[in-house]
Amino acid sequence: MGANASTQASATPASPSPDESKCPVDHKTREIWLQQGGSAGGPPHPHPISAGNATNEDKANPKLQRQLSNDREVSTIPRAYDGPTTPDTRSSIPSPYAASPAASHATPSNAESETGHDEATGNWIYPSERQFFEALIRKSNVPGSTQSAKELATSVASIIPIHNAVNEKAWQEILKWEKNSPSSDPGSSKCGGPRLYAFRGLGTESQFVSPRARLNGLMGYQLPFDRHDWVVERCGGERVEYVIDFYQGKTAAVNPPQGEGSGGIMGATGPGKLSFYLDVPPTTRLNVYVFGEGSAGELGLGPKNATDVVRPRLNTLLDADKVGVVDIAAGGMHAVALTQDGHVMTWGVNDNHALGRETAWDGGVREIADGDDDASEDESEDGELNPYESTPTAIPAESFEKSARIVQVTAGDSASFALTDKGFVYGWGTFVSNEANHGFYWNQSQNQVIEKQKKPMLIPGLENIVQISAGYNFCLALNSAGRVYSWGMSEQNQLGRRLLLGRQLSKAVKQDNLDKLYLCVGLVPGIVPFSARTKIVSVHAGSDHAFAIDHNGNTWAWGLNNFGQTGIKVGAGANGTTVIAPQKVSSLKGRNMKMIQGGTHHSIGIGHSGECLVWGRMDGAQMGLDLSTLPLDDPQIVVSERGKPRILLEATALPISGCSFVAAGSDHNVLITSEGKAYSWGFNAGYQCGQGSVDDDVVVATLIDGSAVRGKRLSWAGAGGQYSMLAGPCG
């Protein structure tokens with residue numbers, strides 16, 4: 001539940017203003033590089049200096065005592081333009097960014113025009129030594145002595161080759177990602193391929209650290225020494241932003257974080273010299289495929305399509321080019337998606353406002369529409385679905401702050417949440433207790449419980465959040481310091497913390513209803529207790545249980561454990577058994593887990609080695625294992641009164657290698673391999689395994705082979721109550 005697309009840091013449009021006094025890597029980076037260069041064994045071989053480029057200003061500056069070149073190198077990076085004088089045919093496309101101002105530098109020796117591009121090639125031009133030096137002066141890096149001025153001038157000549165090489169490598173990496181976009185078409189004759197439109201350097205201030213970099217920092221890596229946002233223009237005028245994190249290191253150092261799908265590249269100035277790493281998380285537009293039970297609109301196929309889809313079907317209402325989904329989350333009977341342009345789209349059941357928008361409808365008559373090659377197997381029901389629920393629709397932008405830039409979404413049973421790049425969390429919908437009590441948030445100052453939140457609201461008390469994960473009726477949030485927050489319902493101890501009532505709270509509620517008291521406290525985010533030395537790097541909410549992975553690779557678990565779904569063996573299998581506070585999962589020691597998902601009574605996870613592990617309830621094909629091959633006398637297997645395998649206490653590997661992503665529904669699972677293939681198993685009465693019209697259970701992990709996904713490279717999976725989704729890069 002609550003699994004979201006592994007796009008890492010989704011790059012969404014911002015509003016940088018092109019500045020011709022800069023080059024694609026901001027001048028602030030060079031100051032940092034100067035410091036690093038000195039600590040990495042000295043600067044590399046200087047860029048050749050033209051002895052004839054001294055100016056009167058140079059000669060008049062007694063501190064400089066060095067001739068700075070005005071020569072500039074033309075990059076290989078094509079430039080996009082605005083205005084009627086642009087040489088590019090895409091200039092007629094309206095731009096969300098400000099028009100390029102005139103260059104503020106003096107005219108260089110290659111006679112670059114004020115448009116800031118090389119007239120012969122149309123490419124960006126790198127700064128000269130003089131421009132580089134002047135930029136440092138403007139940044140208040142004023143030399144205090146003649147000697148420091150000489151050192152600065154000499155360092156400028158050493159840094160320029162590094163600076164230019166970094167830009168070239170970054171552009172080549174971006175081109176690799178752009179190959180996945182049909183609208184980009186790198187190297188084609190259609191438009192000449194993508195071009196760099198704008199850039200901005202955000203530096204090292206904490207508020208500018210990207211969500212992906214924050215997560216990497218929690219896992220023990222150094223934070224990047226700089227961040228730059230590049231806006232790339234594709235054919236047709238579409239503009240997307242790449243967030244580029246710059247990491248430092250040495251040539252012999254261990255590689256910095258380069259998670260699955262990252263664009264990490266490395267360059268160095270020489271043996272033992274300064275080296276650099278670039279992490280370029282792109283906007284990857286996804287094709288979305290759906291299957292399973294869709295009678296409540298959870299498949300997002302619209303009001304006139306089949307309600308039961310037995311094999312994966314491409315959701316054309318989430319077209320990769322027109323919509324551009326980059327992140328998805330599957331809830332119980334609804335789904336949430338984040339688009340490339342920052343919109344949050346929802347579809348499915350809205351009885352408890354999980355969609356965060358108005359969906360009132362008077363009803364209508366349903367018609368049957370044709371499908372794809374697998375559609376003949378699909379089943380339909382009379383009557384038309386609510387078009388406002390069954391059609392993916394964006395939550396109105398005014399529901400969020402104007403400055404809010406969403407980077408991740410997650411979904412529970414009847415609630416949804418969205419994380420911003422500034423570390424704030426929006427939420428809407430409701431949590432439902434075992435007694436069917438509803439509650440979303442408790443406003444302590446007004447002593448008022450918000451039972452159902454109709455549209456997105458900022459969750460008070462959550463700041464600097466880098467990851468969110470929702471379970472059935474609770475949610476987890478991880479902040480940049482490695483602390484975990486939880487809120488929601490707590491009957492199964494899924495919050496992982498004791499709820500302290502206190503006299504003031506009892507007095508405020510003005511009643512003796514303990515259930516109401518606990519509900520109020522649980523609805524306010526609180527810290528899940530871990531030791532001071534434990535830094536959590538990722539959180540994973542199951543149905544009524546949860547997991548956290550720390551910086552040492554240990555896995556912690558808490559919550560409902562009546563089928564051993566937490567992986568904690570003590571007390572597992574007894575009715576009502578729960579794990580009150582986080583405990584280490586011994587069976588996962590040394591497994592170095594990457595992600596974990598939890599169904600109603602079972603769990604599934606993947607280690608960084610690509611190993612897929614399962615544990616918990618197994619009498620409904622949840623494990624994907626042939627139970628007839630398991631020894632009943634194994635102490636790790638709990639059998640039923642009839643002598644049938646019922647619970648698997650020990651995390652056990654599936655016979656599938658190279659696993660990269662998993663999703664757990666109520667009683668079924670979907671797995672993605674590094675080759676982009678999908679497997680499924682478990683309860684299939686609603687066709688949620690996507691295996692066609694087969695028996696109720698898919699016993700062992702089975703390849704999903706439908707015409708829509710055959711030959712496609714998949715990267716993500718989501719699983720709800722009785723439906724599932726797959727996604728992969730378009731193209």
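The values are calculated or read from the model by the stated rules, or taken from the named source; none is laboratory data. This one's a predicted model, so the numbers in the text were calculated from it and none came from an experiment. Cβ placement follows ideal geometry from the backbone for every residue including glycine, while neighbour counts extend to all protein chains displayed.
Side notes on the structure shown:
- Residue in segment 394-402 that is under 20 Å from His343 (Cα atoms) and in a strand (DSSP E or B) present: yes
- Single residue of Gln622, Gln636 found to be closer than 17 Å to Ile596 by Cβ and among the polar types (S, T, N, Q): Gln622
- Residue match in segment 165-178 (condition: modelled with pLDDT of 70 or more, part of a helix (DSSP H, G or I) and more than 34 Å from the chain's Cα centre (by Cα)): no
- Flag for Gly553 being of a type outside the set (S, T, N, Q), touching a residue at least 60 places away in the same chain (Cβ under 8 Å), more than 24 Å from Val409 (Cα to Cα) and outside any strand (DSSP E or B): no
- Once segment 571-588 is narrowed to residues that are polar (S, T, N, Q) and either touching an Asp or Glu at 6+ places or on another chain (Cβ under 8 Å) or under 23 Å from Ile536 (Cβ atoms) (or both), the residue that is surrounded by the fewest Cβ atoms within 10 Å (Cβ to Cβ) is Ser586.
- Tally, over segment 598-643, of residues that are over 27 Å from the mean Cα position of the chain (by Cα), hydroxyl-bearing (Ser, Thr, Tyr) and within 29 Å of Gly332 (Cα to Cα): 1
- Hey, Ile568 part of a loop (DSSP other than H, G, I, E, B) and at pLDDT 95 or above or not: yes
- Residues within segment 605-660 that are in contact (Cβ under 8 Å) with a residue 40 or more places away in the chain, touching a Phe, Trp or Tyr at 6+ places or on another chain (Cβ under 8 Å), among the β-branched types (Val, Ile, Thr) and not in a loop (DSSP other than H, G, I, E, B), tallied: 2
- Identity of the residue in segment 452-498, at positive phi and part of a loop (DSSP other than H, G, I, E, B), that ends up surrounded by the most Cβ atoms within 10 Å (Cβ to Cβ): Gly496
- Restricting segment 605-622 to residues that are of a type in the set (A, V, I, L, M) and out of contact with any Gly (no Cβ under 8 Å at 6 or more places or on another chain) leaves a set whose member that is farthest from Asp695 (Cα to Cα) is Ile606.
- Note on segment 692-715: residues that are within 25 Å of Ala320 (Cα to Cα) and either in contact with a Ser or Thr (Cβ under 6 Å, 6 or more places away or on another chain) or among the aliphatic types (A, V, I, L, M) (or both) amount to 5.
- Scope segment 679-697; condition crowded, with 24+ Cβ neighbours inside 10 Å, in contact (Cβ under 8 Å) with a residue 60 or more places away in the chain and farther than 18 Å from Thr307 by Cα; matching residues: Trp681, Gly682
- Residues within segment 698-711 that are polar (S, T, N, Q) and surrounded by 15 or more Cβ atoms within 10 Å (Cβ to Cβ), tallied: 1
- Of all residues in segment 518-537, those being surrounded by fewer than 17 Cβ atoms within 10 Å (Cβ to Cβ) and in contact with a His (Cβ under 6 Å, 6 or more places away or on another chain) number 0.
- Residue in segment 320-331 that is surrounded by fewer than 24 Cβ atoms within 10 Å (Cβ to Cβ), of a type in the set (A, V, I, L, M, F, W, C) and touching a Phe, Trp or Tyr at 6+ places or on another chain (Cβ under 9 Å) present: no
- Residues satisfying the stated conditions in segment 282-301, i.e. crowded, with 24+ Cβ neighbours inside 10 Å and hydrophobic (A, V, I, L, M, F, W, C): Leu286, Val288, Val290, Phe291, Leu299, Leu301
- Answer residue from segment 454-485, given it is in contact with a Gly (Cβ under 7 Å, 6 or more places away or on another chain) and among the aliphatic types (A, V, I, L, M) and is farthest from Ser531 (Cα to Cα) among those: Met457
- Some residue of segment 361-383 being at pLDDT 95 or above and not in a loop (DSSP other than H, G, I, E, B): no
- Filter result for Lys569 (under 18 Å from Leu649 (Cα atoms), touching a helix residue (DSSP H, G or I) at 6+ places or on another chain (Cβ under 9 Å) and of a type in the set (Lys, Arg)): yes
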